[in-house]
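All of the numbers you see were taken from the coordinates with simple rules; none came from a lab. Model, not experiment: these values are computed from the prediction. A quick note on method: Cβ atoms are made from the backbone with ideal geometry, for glycine too, and the neighbour counts reach across all protein chains shown.
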Amino acid sequence: MITKPILNADEAIRAVTDGMIVLVPGFLACGTPETLIDALIAAGTKDLTAVCNDSAYPDRGIGKLIRARRLRRFITTHQGTNSDMKNRATSSDDGGIQVELVPQGTLIERLRSGGAGLGGVLTPTGIGTPVENGKQKIAVNGRDYLLELPLRGDVALIRAETADRAGNLIYRHTARNYNPVMATAADRVIAEVARVVELGELDPDRVETPGIYVDVLVLRP
């Protein structure tokens, strides 16, 4: 069985370069890999497109990337908890953060489609609202649906509790939120974990992300 490299955060984050699409899990920073976020800021990486459920808080989670002005574009479902977004959010490319607001269920299904190699997902959410602008509408059995296209990232920054040396991951309670789905929807997956155990120590029934999706492990302090 192939084992995964265990790097420090600074080494692992070199895979993230300017302008990439980065998938960042977390719900109000719960489940967000803080060690990797800090390393990304220290590296000076900029002009990123980030995909995250929300903007967290100015001093936590993806909010630290927002405060450090590292995002060019932000695909999210909610931004009201982060005061920094009041002056940074924009719908056009005018030097702020270009924000694309997506219904929460639609965002996770777009990511799931990207991870599964599907062509998209049909959803009634957004019909008759500005969400449908510019999107293809398809009628099924007399009901209209929007075709929402799949969403993938260049890199996913994952937070798990435990990994084995093959990269199989177990999460801690609700901190899993977006982590398992985002781990399937990126070209490279960097997993920040609290501990790494030997092969055979994890109960296979508890593994939530198979190691085949994971490229690199980082032990957080």
| message | I want the local charge near residue 199. Using Cβ-Cβ distances under 10 Å, sum +1 for each Lys or Arg and -1 for each Asp or Glu among the other residues. | response | -2
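First check a/c for the chain, with a ≥ b ≥ c the square roots of the eigenvalues of its C-alpha gyration tensor; if it is under 1.5, answer rounded, and if not, answer prolate when a/b is larger than b/c or oblate otherwise.
Working: a/c = 2.13, a/b = 1.31, b/c = 1.62.
Oblate.
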| said: I need the phi-derived Karplus couplings for segment 20-34: 6.51 cos²θ - 1.76 cosθ + 1.60, θ = phi - 60°, integer Hz, Gly and Pro marked x. | reply: 6, 8, 10, 8, 10, x, x, 10, 6, 6, 6, x, 8, x, 4
| remark: Rounded to one decimal in nm, the spacing of the 7 Å Cα→Cβ label points at residue 129 and residue 188 is 3.6
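Exposure proxy check: 83, 55, 113 ranked by fewest other beta carbons within 10 Å?
On the way: 83 13, 55 30, 113 19.
Going from sparsest to densest Cβ surroundings: 83, 113, 55.
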| Measuring from label point to label point, each 7 Å out along Cα→Cβ, what is the residue 149 to residue 81 span in nm? | 3.0
| query | Net charge near residue 63, counting Lys/Arg +1 and Asp/Glu -1 over other residues with Cβ under 14 Å of its Cβ? | reply | +2
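At 0.36 nm per residue, and after removing the present C-alpha to C-alpha distance, how many nm does the segment from residue 42 to residue 212 gain when stretched out fully?
Working: separation 170, 0.36 × 170 = 61.20 nm, distance 2.88 nm.
Here the segment from residue 42 to residue 212 would lengthen by 58.3 nm.
Looking at the square roots a ≥ b ≥ c of the eigenvalues of the Cα gyration tensor of segment 102-221, which shape do they give, rounded for a/c under 1.5, prolate if a/b is larger than b/c, or oblate? Display every interim value, and only then the final one.
Details: a/c = 2.89, a/b = 2.77, b/c = 1.04.
Cα axes put segment 102-221 in the prolate bin.
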| Tell me, how many Å apart are the Cα centres for segment 153-211 and for segment 1-24? | 14
| remark: Relative to the chain, whose Cα atoms define the longest principal axis, helix 104-116 and its Cα axis are tilted in degrees, nearest 10, by 60
| When all C-alpha to C-alpha distances in segment 1-103 are sorted into bins of 5 Å, what percent of pairs does each bin hold, rounded to whole numbers? | 3, 14, 24, 26, 17, 9, 4, 2, 1, 0
| Whose amide H sits under 5 Å from the amide H of residue 186, counting only residues 5 or more places off or on another chain, with H placed in the peptide plane? | 153
